[in-house]
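Below you'll find the structure, written out as structure tokens, and then a few comments.
The values are calculated or read from the model by the stated rules, or taken from the named source; none is laboratory data. These figures come from a predicted structure and were not determined experimentally. Here Cβ is always computed from backbone atoms with ideal geometry, including for glycine, and neighbour counts include all displayed protein chains.
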Ligand code: AMP
Ligand code: MG
């Protein structure tokens, strides 16, 4: 039995960054940039108006006020998308819309609200500031500038910036394909009736959902039955189509727990089996050529927590992310919890903030099959192996699986 830190270290040592793939810009959201991106233009490309108003020469408006407006001759108007060859000379102005290029001669824009227009004459009620309401060429991004470095996660704002650079295709680290295999004679599919002794296969669904949120590509397989033939057939199928294979169930000590035997037969290299933790003790990990295999325990909460603590960081690393772990906080524990020494406890908690401090309370019974208390949780509190008692008011480390509640 190894410690959780050691298990994580072994896993992260084995996983490699994925190959690079070029995709359409809109297919890159949520992935990580696999190239540096430079701009071949200024953004904005030309000086333009930040307001609907009038393009003026600032010195023309000196002394202008509500009582003594300055009057200028309007030479025409200019909408966004057009250019004007009119040059502004002293005493004249051009009506201009937001985004339109500032005409020659003008050095400021007065906003429409500070003017009144009558015929070809506009009255201006305030002094213009030189450069006022003008967005300068290149003020956002200069031509030749490195806009993004490799490893930048692509969020909506990066997508927008890449679009303005004209990057219709971008290079990303390819999301790994993750095959998901539930094992168990007791399992029935969710659209089938339950008969005596049977339960619904929920792990395939919770894991598929976790894989989707991690950014990888899930490939759910059919249920493997608790015999060597069925399990071997589906493990082989999973390995053919994936970069990572997740199995659930069948890695404990039961008579019908055949996942390890099948992988032994296939000559997969077992890196560890059993981690000193609760839930999720039977967790196993193999390498198989370039592929990796996680033998997740069958209990629904064990499966989910093992995914979050071990598989998710591995996927994040493969996808080129720099930050591969959940954010963590220290929080005040609001219960007394007794435990035996020897195993790290991953405890389902509700995290809340109050006056800038984090507090955590248990979400309910902590049995490894009790998915309801997982559903109520937005954090996993880590109770170190050597601890035998956590008291109300003690600080614990918490992995945030969701945003804390604000009370
Ligand atoms: P095992 O590790 O195969 O002994 O399974 C441990 C527990 O998890 C048993 O109670 C199983 O019925 C349950 N279990 C295993 N696989 C699944 C699954 N795919 N969905 C829901 N429960 C499962
Ligand atoms: Mg089983």
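When you check residue 112 against the structure, is it more than 16 Å from ligand 2 (Cβ to nearest atom), out of contact with any helix residue (DSSP H, G or I) (no Cβ under 6 Å at 6 or more places or on another chain) and not assigned by TED's automatic domain parsing to the domain that holds residue 63, yes or no?
no
On the basis of being loosely packed, with under 14 Cβ neighbours inside 10 Å and modelled with pLDDT of 95 or more, does residue 142 make the cut? Against the criterion (loosely packed, with under 14 Cβ neighbours inside 10 Å and modelled with pLDDT of 95 or more), residue 142 qualifies. Figure legend. Inter-residue proximity from the range 267-284: first residues closer than 15 Å to residue 301 by Cβ, second residues within 16 Å of ligand 2 (Cβ to nearest atom) and assigned to a strand (DSSP E or B), beta-carbon distance below 8 Å, spacing 6+ or different chains. Indicated pairs: 280/296; 282/273; 282/295; 283/273; 283/294; 283/295; 283/296. Within the range 238-257, the residues that satisfy the criterion of being more than 9 Å from ligand 2 (Cβ to nearest atom) and either buried (at least 18 other Cβ atoms within 10 Å of the Cβ) or not assigned by TED's automatic domain parsing to the domain that holds residue 291 (or both) are 238, 239, 242, 243, 244, 245, 246, 247. Among the conditions (1) closer than 29 Å to residue 216 by Cα; (2) free of Cβ contacts under 8 Å to residues at least 12 places away in the same chain; (3) in contact with a helix residue (DSSP H, G or I) (Cβ under 9 Å, 6 or more places away or on another chain), residue 304 misses just one, which is (2).
No other residue among 202, 230, 195 is in the same structural domain as residue 312 (by TED's automatic domain parsing), within 16 Å of ligand 2 (Cβ to nearest atom) and touching a strand residue (DSSP E or B) at 6+ places or on another chain (Cβ under 8 Å) apart from 230. Considering only the range 87-98, I want to know if a residue exists there that is crowded, with 18+ Cβ neighbours inside 10 Å, farther than 20 Å from residue 47 by Cβ and in contact with a helix residue (DSSP H, G or I) (Cβ under 7 Å, 6 or more places away or on another chain). Within the range 87-98, not a single residue is crowded, with 18+ Cβ neighbours inside 10 Å, farther than 20 Å from residue 47 by Cβ and in contact with a helix residue (DSSP H, G or I) (Cβ under 7 Å, 6 or more places away or on another chain).
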